[in-house]
Amino acid sequence: MRATPGWVGLWPALMLAIFFLVPFGIMLAVSVSHRDPAGAFIPGFELTHYARFLSAFFAKVMAVSVGVSVAAAAICVVLAFPFTVFLASMSHRTQTVALVVLLSVLSLSEVIIGFSLSTLLSKTAGISNLFYWLGLIAEPRAYTPSLFALVTGLCYIGFPFAVLVLYPPVSRLDPEIVEAARVMGASASRAFFGVVVPNLRGAIVGAFILVFVFTLGSYLLPQLLGRSEDWTLSVHITDQAIYQTNLPFAAAMSIFLMLVALALVGLASLAGRQRRAA
Amino acid sequence: MTNLRIERLCKTFGTFTALDDVSLEIPTGKFVCLLGPSGCGKTTLLRVIAGLEAPSGGRIFVNGEDQTRMPTHRRDMGMVFQSLALFPHLDVAGNITYPLAIRGADRASRAARAEELLELVRLPGMGARRIDQLSGGQRQRVAIARGLAIDPKVFLLDEPLSALDAGLREHMQIELRQIQQSLGVTTIVVTHDQKEALTMADLVIVMKDGVIQQAGAPMEIYRNPANAFVAGFIGTTNLLPCAIHDGTIEVLGARLPITEGDRIGVDHGAVQLSVRPEHIGIVPTGKGAIEAEVTFVRDLGESRHVLLQASGQEIIAQLTPETQASYRPGDRVSLDFRPGERVVVT
Amino acid sequence: MTQLLKRAYVVVILLLLLAPLVVVTGVSLNGPQTLRFPPVEPSLRWYGSLFQDSAWLVPLGHSLLIAACASALSVSIALPLALFAWERNGVAARVLTGLGLAPFTLPPVITALGFMVFWMTVGGYGQIWATIIAHAVFLVTLPLVTISLGLKGIDRSLLEAARVMGAGRWTVMRTVIGPLVLPFIVSGYAFAFVLSLNEYIIAYMVAGFTVETIPIKIFNALRYGYTPILGVVSVLFVLLAALVFGLIGRFGDLPRLMGSERGRSE
């Protein structure tokens with residue numbers, strides 16, 4: 001006998017169908033409808049909005065979005081992997097404290113992170129004052145807005161996420177396999193790159209993809225830390241929807257972004273599964 | 001009076017048959033052990049009795065009432081699980097009185113009953129302890145007390161002592177038996193440990209492949225196993241191919257006359273002779289019926305086992321403590337199978 | 001030695017994560033309306049003025065109301081969903097779980113635009129309850145994950161034991177499953193609450209022009225120049241998040257909640 005009757009599934013099914021599936025259906029319909037410059041859209045069927053993906057403008061937007069996200073995801077995973085491995089071997093208490101910090105940072109609004117980082121990189125209150133005081137630079141300067149500031153910001157939000165994605169597989173890795181490698185004569189770094197990394201290859205690939213999708217969705221940081229030419233797809237979607245009153249094009253870009261994200265998440269879970277099967 | 005009657009019970013999981021036409025009757029107040037190797041269906045039988053599994057066929061009667069289709073929670077059973085299944089969010093007293101609390105007993109009567117049960121399992125005054133503060137043996141006792149809280153119609157235990165170390169396990173076997181006798185509650189214990197079954201049970205039921213092989217008092221099963229499986233599973237025995245001819249047992253090239261007390265259940269087909277190690281006497285070579293060579297001697301302190309080879313068969317013999325003689329691998333000896341203690345089985 | 005290096009690496013990274021927050025805290029203590037670090041003429045006057053300024057108190061009220069209601073609604077969807085999927089392996093269970101995990105996995109701008117066109121179509125665009133429902137669905141993944149984890153940790157024999165002892169389905173739910181999974185419900189609620197407070201894009205696209213929340217207010221304020229009051233709000237939000245997760249870490253098992261299978265005792 002089951003502990004719960006089958007009808008408990010009805011309420012969540014209903015809610016998710018109405019408020020998750022239906023909005024997608026509407027968005028799909030909007031993406032093929034006719035643009036109404038007055039603010040909304042006129043129902044219809046045309047693929048003109050999808051055709052715009054072939055434009056140079058869109059190619060550049062995609063290149064920027066993918067470029068900064070790939071850079072950020074790579075940096076995050078490279079930093080986060082050893083961090084997670086080291087953290088998982090520490091005491092329960094240390095792990096708890098570190099997780100509190102990571103979760104607090106992860107949950108912070110992008111607007112607060114953007115504000116904090118732009119302050120940190122600013123001329124008046126920023127890190128350049130420290131460099132100036134140390135004599136490294138001639139006078140304080142601002143490092144924002146710039147591509148560097150944007151990638152820094154994306155790394156800042158992506159890092160806690162990368163650690164939390166890596167944490168379960170890393171902490172489940174049997175510590176005895178490292179000890180076995182050490183007993184058999186492997187140095188610490190050799191055990192790390194020869195045993196730990198290969199065993200977690202799937203998890204690393206999965207984490208890279210998930211952080212990539214996560215930073216791809218970043219909306220405020222490009223506006224707060226980047227220049228207008230660094231705007232990503234998320235910013236353009238909002239810009240088209242609200243300021244350019246081109247809902248159909250925004251919807252088409254969203255559908256495209258969703259397909260990309262779904263494909264990548266599928267790839268990530270595949271990478272995770274291969275690791276388990278191995 | 002019959003407390004529990006099971007009629008032609010069957011249970012299949014897909015293509016796997018866990019219980020195959022099982023019938024038995026258990027009189028009130030008996031201590032029963034379901035014994036068998038893993039996968040023999042003993043735990044399934046216990047779970048069907050508890051109502052945790054629905055049988056594929058057959059019926060279950062408790063005190064004459066058909067309970068086959070009754071939901072578990074109305075059966076008024078007590079049960080101790082292999083994992084003990086103590087509730088981590090309740091203290092000791094909360095665990096023990098759980099069955100009373102959900103039946104609406106008031107606080108005072110619950111507290112009184114909890115203390116009574118804690119006395120019974122020798123944990124007086126421990127009611128306020130958290131479960132994770134208890135040792136393995138204490139948890140065991142709490143689980144037993146909880147199973148007995150409502151005076152169950154039948155008390156079921158699934159491998160209850162398997163998590164304890166050897167010394168404590170033997171101690172708890174005796175204690176469990178004493179508690180059961182003082183309360184007179186019908187008790188069914190699932191175990192794969194034949195010593196445990198022999199220690200505690202009034203009635204041992206040996207199972208294999210979902211079928212009851214033999215049911216009887218412990219000594220009865222030990223002395224008179226129904227087949228080679230039971231002979232080998234209960235205690236240690238030597239199973240030797242043999243043939244029955246004109247009042248003799250032909251085994252290992254020797255002809256042993258059948259004497260009174262020898263149990264010849266079958267006298268045709270492929271039969272085997274079961275002889276317990278303690279019923280084999282070792283005598284100087286040429287003085288006994290069967291010639292053998294010593295291959296290994298195992299000295300366990302309280303007893304000595306001699307492993308032998310005779311006509312290509314492994315034989316194990318147990319020396320009595322008084323035996324002075326010592327043997328070494330390679331020694332040639334003769335063996336006698338004690339008359340009246342020989343059992344022929346299929 | 002290597003142990004020390006590992007520890008140093010972890011600590012340095014944690015400090016780097018905290019650095020912007022330290023600077024913001026310093027900035028919030030400036031006396032005059034300037035963003036200097038270290039602060040000049042340190043004072044708490046901007047903290048005081050935040051709580052007297054209705055331009056900030058109204059969005060704060062919105063944010064708290066939305067977060068409280070949206071997380072409750074989120075849990076009300078996630079709990080039955082987790083219970084349903086816990087004991088079932090069929091297509092329905094898998095599809096429902098996938099639907100519950102999807103909103104938080106996709107880039108939020110997609111969900112935001114979806115809700116925007118949805119509320120524009122059915123009515124409700126610009127209403128606070130539209131934001132609440134949108135947040136509840138977007139964040140349903142968090143309580144779903146924590147509650148599922150809690151249910152996974154329940155030994156099935158506990159339920160069987162309760163049933164043998166006389167507990168029917170509802171009593172098992174009330175006396176065994178409920179108490180054991182309650183901490184996971186609470187932490188799921190807390191996760192959703194904190195993330196709802198900080199969420200920008202969905203709140204903005206569903207009702208950004210009529211129902212201002214704190215993140216929207218900060219973003220709008222940034223356009224008109226930076227003031228220490230932005231630092232004050234940021235500090236309060238960081239402290240709130242740290243408090244919530246600190247409490248979960250104090251009374252729950254945070255490493256296990258985050259997916260470590262090694263128990264607390266090790």
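The values are calculated or read from the model by the stated rules, or taken from the named source; none is laboratory data. In this text the structure is predicted, and so the values were computed from the model without any measurement. Cβ: placed from backbone, ideal geometry, glycine included. Neighbour counts: every protein chain shown.
Any chance segment C:192-209 includes a residue that's within 30 Å of A:Gln223 (Cα to Cα) and among the acidic types (Asp, Glu)?
yes
Determine, yes or no, whether A:Ala63 is free of Cβ contacts under 8 Å to residues at least 24 places away in the same chain, at the interface with another protein chain (Cβ under 7 Å from one of its Cβ atoms), hydrophobic (A, V, I, L, M, F, W, C) and part of a helix (DSSP H, G or I).
Numbers: free of Cβ contacts under 8 Å to residues at least 24 places away in the same chain: yes; at the interface with another protein chain (Cβ under 7 Å from one of its Cβ atoms): no; hydrophobic (A, V, I, L, M, F, W, C): yes; part of a helix (DSSP H, G or I): yes.
It is false that A:Ala63 is free of Cβ contacts under 8 Å to residues at least 24 places away in the same chain, at the interface with another protein chain (Cβ under 7 Å from one of its Cβ atoms), hydrophobic (A, V, I, L, M, F, W, C) and part of a helix (DSSP H, G or I).
Identify all residues within segment A:42-65 that are more than 18 Å from A:Asn246 (Cα to Cα) and of a type in the set (A, V, I, L, M, F, W, C); write none if there are none. I'd like the intermediate steps shown before the answer.
In the first step, residues of segment A:42-65 are kept if they are more than 18 Å from A:Asn246 (Cα to Cα); the result is A:56, A:59-60, A:62-65.
Residues satisfying the conditions are A:Ala56, A:Ala59, A:Met62, A:Ala63, A:Val64.
Among the residues of segment A:107-155, write down those that are surrounded by fewer than 15 Cβ atoms within 10 Å (Cβ to Cβ) and of a type in the set (Asp, Glu).
A:Glu139
Anything in segment A:111-128 that is assigned to a helix (DSSP H, G or I) and among the aliphatic types (A, V, I, L, M)? List them, or say none.
Residues satisfying the conditions are A:Val111, A:Ile112, A:Ile113, A:Leu117, A:Leu120, A:Ile127.
Residues that are touching a Phe, Trp or Tyr at 6+ places or on another chain (Cβ under 6 Å) and more than 10 Å from every other protein chain (Cβ to nearest Cβ), at least 2 per element: which helices (runs of 4 or more DSSP H) completely within segment C:54-131 meet that?
C:54-86
Say whether the condition of being surrounded by 14 or more Cβ atoms within 10 Å (Cβ to Cβ), under 31 Å from the mean Cα position of the chain (by Cα) and away from chain C (no Cβ under 14 Å) is met by at least one residue in segment A:28-51.
Checked against the condition, which is being surrounded by 14 or more Cβ atoms within 10 Å (Cβ to Cβ), under 31 Å from the mean Cα position of the chain (by Cα) and away from chain C (no Cβ under 14 Å), segment A:28-51 yields at least one hit.
Which one of the conditions (1) buried (at least 23 other Cβ atoms within 10 Å of the Cβ); (2) touching a residue at least 12 places away in the same chain (Cβ under 8 Å); (3) within 30 Å of C:Ile216 (Cα to Cα) does A:Ala241 fail to meet, given that it meets all the rest?
(2)
Could you please give the count of residues in segment A:75-109 that are over 28 Å from C:Ser234 (Cα atoms) and out of contact with any Lys or Arg (no Cβ under 7 Å at 6 or more places or on another chain)?
8
Inspect all residues belonging to segment C:24-35 and state whether any of them is surrounded by 15 or more Cβ atoms within 10 Å (Cβ to Cβ), part of a helix (DSSP H, G or I) and of a type in the set (A, V, I, L, M).
yes
Which of the residues spanning segment C:237-261 are closer than 21 Å to C:Thr131 by Cβ and more than 7 Å from every other protein chain (Cβ to nearest Cβ)?
C:Leu240, C:Val244
What single numbered condition from (1) over 21 Å from C:Ala136 (Cβ atoms); (2) at the interface with chain A (Cβ under 10 Å from one of its Cβ atoms) fails to hold for C:Ile229?
The single condition C:Ile229 does not satisfy is (2).
Restricting to segment A:94-119, what's the tally of residues that are polar (S, T, N, Q), farther than 24 Å from C:Ala190 by Cβ and more than 7 Å from chain C (Cβ to nearest Cβ)?
Qualifying residue count for the region: 1.
Just one of (1) over 17 Å from B:Asp151 (Cα atoms); (2) buried (at least 20 other Cβ atoms within 10 Å of the Cβ) trips up B:Pro124, so point out which.
(2)
So, of the residues in segment B:155-196 that are of a type in the set (Asp, Glu) and either under 16 Å from the mean Cα position of the chain (by Cα) or not assigned by TED's automatic domain parsing to the domain that holds B:Ile26 (or both), which turns out to be farthest from B:Val121 (Cα to Cα)?
B:Asp193
Looking at segment A:70-93, which of its residues are polar (S, T, N, Q) and either facing another protein chain (nearest Cβ under 8 Å) or not in a helix (DSSP H, G or I) (or both)?
Restricting attention to segment A:70-93, the residues satisfying the condition of being polar (S, T, N, Q) are A:84, A:89, A:91.
Hits for segment A:70-93 are A:Ser89, A:Ser91.
Considering each of C:Val145, C:Val137 in turn, give the residue that is assigned to a helix (DSSP H, G or I), at the interface with another protein chain (Cβ under 7 Å from one of its Cβ atoms), of a type in the set (Val, Ile, Thr) and more than 22 Å from B:Gln82 (Cα to Cα).
Criteria check complete, one pass: C:Val137.
Anything in segment B:70-129 that is acidic (Asp, Glu) and more than 13 Å from chain C (Cβ to nearest Cβ)? List them, or say none.
Correct list: B:Asp106, B:Glu115, B:Glu116, B:Glu119.
If you go through segment B:300-334 one residue at a time, how many are at negative phi, assigned to a loop (DSSP other than H, G, I, E, B) and surrounded by fewer than 14 Cβ atoms within 10 Å (Cβ to Cβ)?
Within segment B:300-334, residues that are at negative phi, assigned to a loop (DSSP other than H, G, I, E, B) and surrounded by fewer than 14 Cβ atoms within 10 Å (Cβ to Cβ) number 10.
Need pairs with beta-carbon distance below 7 Å; first residue at negative phi and within segment C:121-135, second part of a loop (DSSP other than H, G, I, E, B) and modelled with pLDDT under 90; sequence gap 6+ or separate chains.
What qualifies is C:Ala130/C:Gly124.
Based on this model, can you work out whether C:Ala134 counts as more than 21 Å from C:Met258 (Cα to Cα), modelled with pLDDT of 90 or more and over 16 Å from the mean Cα position of the chain (by Cα)?
Numbers: more than 21 Å from C:Met258 (Cα to Cα): yes; modelled with pLDDT of 90 or more: yes; over 16 Å from the mean Cα position of the chain (by Cα): no.
Taking the combined requirement at face value, the residue does not satisfy it.
Which numbered condition in (1) charged (D, E, K, R); (2) in contact with a Lys or Arg (Cβ under 8 Å, 6 or more places away or on another chain); (3) in a helix (DSSP H, G or I) is the only one that A:Arg141 fails?
For A:Arg141, the exception is condition (3).
So which residues in segment C:4-47 are at pLDDT below 80 and either within 10 Å of chain A (Cβ to nearest Cβ) or under 16 Å from C:Leu236 (Cα atoms) (or both), if there are any at all?
Listed by number, the residues that qualify are C:Thr34, C:Leu35, C:Arg36, C:Phe37, C:Pro38, C:Pro39.
Go over the candidates A:Leu247, A:Leu221 one by one and state the one that is more than 10 Å from chain C (Cβ to nearest Cβ) and at pLDDT 85 or above.
A:Leu221
Would you be able to say whether some residue in segment A:158-172 is farther than 20 Å from C:Val11 by Cα, free of Cβ contacts under 8 Å to residues at least 60 places away in the same chain and within 12 Å of chain C (Cβ to nearest Cβ)?
So in segment A:158-172, the residues farther than 20 Å from C:Val11 by Cα come out as A:168-169, A:172.
Still in the list and also free of Cβ contacts under 8 Å to residues at least 60 places away in the same chain: A:168, A:172.
From what is left, the residues that are within 12 Å of chain C (Cβ to nearest Cβ) are A:168, A:172.
The answer is yes, given that some residue of segment A:158-172 is farther than 20 Å from C:Val11 by Cα, free of Cβ contacts under 8 Å to residues at least 60 places away in the same chain and within 12 Å of chain C (Cβ to nearest Cβ).
Among the residues that make up segment B:271-285, is at least one of them buried (at least 17 other Cβ atoms within 10 Å of the Cβ) and either farther than 30 Å from B:Asp193 by Cβ or assigned by TED's automatic domain parsing to the domain that holds B:Met219 (or both)?
no
Just checking, how many residues over segment A:229-238 are within 23 Å of C:Pro20 (Cβ to Cβ) and of a type outside the set (A, V, I, L, M, F, W, C)?
Restricting attention to segment A:229-238, the residues satisfying the condition of being within 23 Å of C:Pro20 (Cβ to Cβ) are A:230-232, A:234-235.
Next, from what is left, pick out any that are of a type outside the set (A, V, I, L, M, F, W, C): A:230, A:232, A:234.
The total comes to 3.
In segment C:137-155, is there at least one residue being free of Cβ contacts under 8 Å to residues at least 12 places away in the same chain and of a type in the set (Ser, Thr, Tyr)?
no
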